[in-house]
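Quick notes on the structure that follows.
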Amino acid sequence: MSEADRASELIDFLGDFVTENKRGKIAEVLADRTDYVAVVLEDIYQPHNASAVLRTCECYGVQNVHIVENRNSYRVNPQVAMGSSKWLDLHRYREPERDNTAECLAALREQGYRIVATSPDTEQDRASHTPVDLPLDRPVAILYGTEEQGLTADALAAADCYLRLPQYGFTQSYNISVSVAITLTTLMARLRAAEFKGEWRLSEERRRALTLAFYRRIVTRHEALERRYHEALEPS
């Protein structure tokens, strides 16, 4: 039996323990989910802002958040995140004595992402875009840095291009959670436009994998249930 068939059978089995309403909602949500845009957080340390970013990503259908912890530990505030982390894939890079930024960006490049660093400074030797004109011909990973200092020099140097958010006041930058919301509002609207023809949506295989993952997150003691299921399939 193929992995896809195995996953489909488990989905059918665990689906009996999920309400019809919840099954429908999961299918509806996954129809609008994407891996095409990823958010990368480098050394974010304020729990309120960090958690607000997760909530924003989940609401906009961005499935993957990459968390780099070189100096600061990333903590989720449940009251702010409102359960959003339960439905996201959080990729953490926090090995001691390692350049976790480099590890994260290398992994993203291997997956085909364009590395986009958010920076208000456009006087640099790389192309600078706004969310309106950022190229979306391939997947993009948007990097955000600490609330006070922004991205590290290494992260900026490794980027393929820069992203700046237009602003017209005296303040130098937006709050990080606001920056993520502004960026995703435009990028996701562009992806949903007819010109992209759904290429940003999850593949059937990916939707299947996430359906199973979501069922497992909401079915109590799913491990024991699955064990009994597999035992029942074994020849006597």
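Descriptive notes on the structure:
- Residue within segment 90-97 that is in a helix (DSSP H, G or I) and in the same structural domain as Leu134 (by TED's automatic domain parsing) present: no
- Test for Thr101: is it at negative phi and either touching a residue at least 12 places away in the same chain (Cβ under 8 Å) or buried (at least 18 other Cβ atoms within 10 Å of the Cβ) (or both): yes
- So Thr122, is it in the same structural domain as Ala158 (by TED's automatic domain parsing), surrounded by 19 or more Cβ atoms within 10 Å (Cβ to Cβ) and at pLDDT below 95: no
- Considering residues of segment 125-171 that are aromatic (Phe, Trp, Tyr) and closer than 30 Å to Ser73 by Cβ only, the residue surrounded by the most Cβ atoms within 10 Å (Cβ to Cβ): Tyr144
- Selection of first residues in segment 43-56 that are modelled with pLDDT under 85 and among the hydroxyl-bearing types (Ser, Thr, Tyr) and of second residues that are surrounded by fewer than 20 Cβ atoms within 10 Å (Cβ to Cβ) and not in a helix (DSSP H, G or I), restricted to Cβ pairs under 6 Å at least 6 apart or on distinct chains, gives the following pairs, ordered by first then second residue: Tyr45/Asn72; Ser51/Val76; Ser51/Asn77.
- Residue that is nearest to Ala213 (Cα to Cα), among those in segment 82-104 that are under 14 Å from the mean Cα position of the chain (by Cα) and aliphatic (A, V, I, L, M): Leu88
- In segment 48-74, the residue that is nearest to Glu95 (Cα to Cα) out of those that are touching an Asp or Glu at 6+ places or on another chain (Cβ under 8 Å) and hydrophobic (A, V, I, L, M, F, W, C) is Val68.
- Hits in segment 43-52 - residues which are surrounded by 21 or more Cβ atoms within 10 Å (Cβ to Cβ) and either of a type in the set (Asp, Glu) or touching a strand residue (DSSP E or B) at 6+ places or on another chain (Cβ under 8 Å) (or both): Asp43, Ile44, Ala50
- Given (1) hydrophobic (A, V, I, L, M, F, W, C); (2) exposed (fewer than 14 other Cβ atoms within 10 Å of the Cβ); (3) in a strand (DSSP E or B), number of the condition Val40 does not satisfy: (2)
- Only residues that are surrounded by fewer than 14 Cβ atoms within 10 Å (Cβ to Cβ) and under 17 Å from the mean Cα position of the chain (by Cα) were counted across segment 172-196, and they come to 2.
- Those residues of segment 56-73 which are within 12 Å of Thr185 (Cα to Cα) and either of a type in the set (Ser, Thr, Tyr) or in contact with a Gly (Cβ under 6 Å, 6 or more places away or on another chain) (or both), in sequence order: Thr56, Tyr60
- In summary, helices (runs of 4 or more DSSP H) completely within segment 119-224 and bearing 3 or more residues that are under 30 Å from Ala7 (Cβ atoms) occur at 176-191, 204-218.
- Filter result (assigned to a helix (DSSP H, G or I), among the charged types (D, E, K, R) and exposed (fewer than 12 other Cβ atoms within 10 Å of the Cβ)) within segment 7-32: Asp12, Glu20, Glu28
The values are calculated or read from the model by the stated rules, or taken from the named source; none is laboratory data. Values in this document were obtained by computation on a predicted structure and should not be read as measured data. Virtual Cβ from ideal backbone geometry, glycine too; neighbours counted across all protein chains shown.
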